[in-house]
Structure formats: C-alpha cells, structure tokens
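Shown next, in structure tokens, is the structure this report addresses.
The values are calculated or read from the model by the stated rules, or taken from the named source; none is laboratory data. Everything numeric in this text was worked out from a predicted model, so none of it was measured. Note that we place each Cβ from the backbone using ideal geometry, even for glycine, and neighbour counts take in every protein chain shown.
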Amino acid sequence: MNHLQDKVAIVTGASSGIGAASARALAARGARVVAAALDQDGLDALVDDIRQAGGEALGKVADVTRAEDMQALAALAKGTWGRIDILINNAGLMLFSNWTDLAVRDWQSMIDVNIKGSLNAIAAVLPHMLEQQGGQILNMDSVAGHQVSPSAGVYCATKFFIQAMTESMRKELGVQHGIRVSTISPGVIDTGWADKVTDPAGRLAAQALNRIAIAPQDVADAVVYALDQPPQVTINDLIISPTRQDW
C-alpha cells in the first residue's frame, strides 16, 4: 500500500543533493511537493523534472534562517493544496575547522541553518498539523549526531541537538497528537559538501573522505521508507552510511 499518495510534502534544501533526490522520490510515489531552497535555478530544474515525470511540484526560494520565509512556505503549501502532511527538514550546513582556528563565523552559520532553520520550519508547519490532527516531520540528522569528531565539533553539536529535539517531539507530538517525527542519519554522502569547506586543510581531508561516499538517492530511498508507513508506525531513526565508512 502506498501511504504517500496525494500527501503534501514540504522539502527544504531541495535544489540539490539529498533534498532534490528526496523530492523526486516522494513525487514518484504520488506526493505533492513544495520544494524550498536558495537556488532558483536548481528549484526550477527540480520542478521541471518532477512535472515532466507526471508529478506535482512547486518551487519557492526561501531561507530557513528567516522565520517569515518559512511561514510563507507553509502558507503556499496550504493555499495550494489545502493541507501540509509532511515536512522534511533537510537544509543543512557542514563546515570543518579546528577549534584553534576560532572559525566563529562558520560556527554561527551552522547554528543558524541547522538549529534555528529547523525550528523555524517546524514552527511554520506545526499549527497546521495540530489542526489536522496528524502529519509527519522528518529531521535530517547525521552520523555526526551519534558520535563526535574533533574537527567538526560545532557541526556535531548541531546534529546532537537535532537528535534531542526529535526525541522530545516524538514523546510529545507523537504520543499526544499522532504527529510522527523521525530522523535519518546519513554517513558520507556525495552532495558536493567537501568542496565547500573553507579551511584549506579541512577541505583536503573532506575531499579524501568523500571518495567513499554514497549517492543522495540512497538516502532518498530511506526517506521514502521512513515516511511510507501506516499511521500507527513511526521510524524513529535510520542510519545510512557507506559500507566502507569505519565510523
């Protein structure tokens, strides 16, 4: 049975990587997708792909760090299709540095996107899900939310936050309101992240690590599995990593 048919799904960070792959996978299962990202060209390409394949999708440029952007995104989904069934909190930022680098700007950027951005999106969709008495929120976590690396301390901390936040939401929203909340925790995924590392030594280390990476589609398959469950079933967390990743 397909539990995703005609569901309305908001996906942040949807213009590339895991977000784009997840949006396509949901649309292929009959979900109506509202894709959000900062990259207009990437969103246009995604929406065109989905529509050409027979799916339904809208794209909207939106910044998860701006609460008003997330409210407008929720209003677009509700105004277009009358409800919001799924939120995939996928937008994220991973930057490596040593503590001695004092990369304060990078630290703040990761906190703004990974923590505040997720909270902004949740605050935008939750009133609609409470009114509907149901919905699903999938927070994209990481293996970095399960163990800590010395060169990614702040990033790991933001993902530990996602783990704690999701567990709290599951115990309140799931138990009391039937709103299912899950995490997917990917390992090394080839999303182009390694080339975005600003620290030169960190970039070299990231590029070396990325050689064992698996594809965004592998994570998208896990996203579909977690969301395509009957109402009485919640997938709490799935860890998806390359076979050759040793941490």
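Kindly evaluate residue 44 against the criterion of being at pLDDT 95 or above, among the acidic types (Asp, Glu), touching a strand residue (DSSP E or B) at 6+ places or on another chain (Cβ under 8 Å) and in a helix (DSSP H, G or I).
yes
So which of 13, 54 is assigned to a loop (DSSP other than H, G, I, E, B), under 21 Å from residue 115 (Cβ atoms) and at pLDDT 95 or above? Don't jump to the end; show me each part of the working.
On the way: 54 fails: under 21 Å from residue 115 (Cβ atoms).
Among 13, 54, only 13 is assigned to a loop (DSSP other than H, G, I, E, B), under 21 Å from residue 115 (Cβ atoms) and at pLDDT 95 or above.
Let me confirm something: among 63, 69, which residue is among the charged types (D, E, K, R), within 25 Å of residue 115 (Cβ to Cβ) and assigned to a loop (DSSP other than H, G, I, E, B)? Spell out how you get there, then give the answer.
On the way: 69 fails: assigned to a loop (DSSP other than H, G, I, E, B).
Step by step, each of 63, 69 is checked, and only 63 is among the charged types (D, E, K, R), within 25 Å of residue 115 (Cβ to Cβ) and assigned to a loop (DSSP other than H, G, I, E, B).
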Read through the list (1) at negative phi; (2) in contact with a helix residue (DSSP H, G or I) (Cβ under 9 Å, 6 or more places away or on another chain); (3) touching a residue at least 60 places away in the same chain (Cβ under 8 Å), then give the number of the only condition that residue 17 fails. (1)
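If you take the residues of the stretch 210-236 that are small (Gly, Ala, Ser) and either within 20 Å of residue 173 (Cα to Cα) or more than 13 Å from the chain's Cα centre (by Cα) (or both), which of them is surrounded by the fewest Cβ atoms within 10 Å (Cβ to Cβ)?
Looking at residues that are small (Gly, Ala, Ser) and either within 20 Å of residue 173 (Cα to Cα) or more than 13 Å from the chain's Cα centre (by Cα) (or both), I get 215.
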Matching residues in the stretch 188-247 - criterion: being among the polar types (S, T, N, Q), modelled with pLDDT of 90 or more and in a helix (DSSP H, G or I): 217
Residue 151 vs. criteria in a helix (DSSP H, G or I) and over 16 Å from residue 88 (Cα atoms): yes
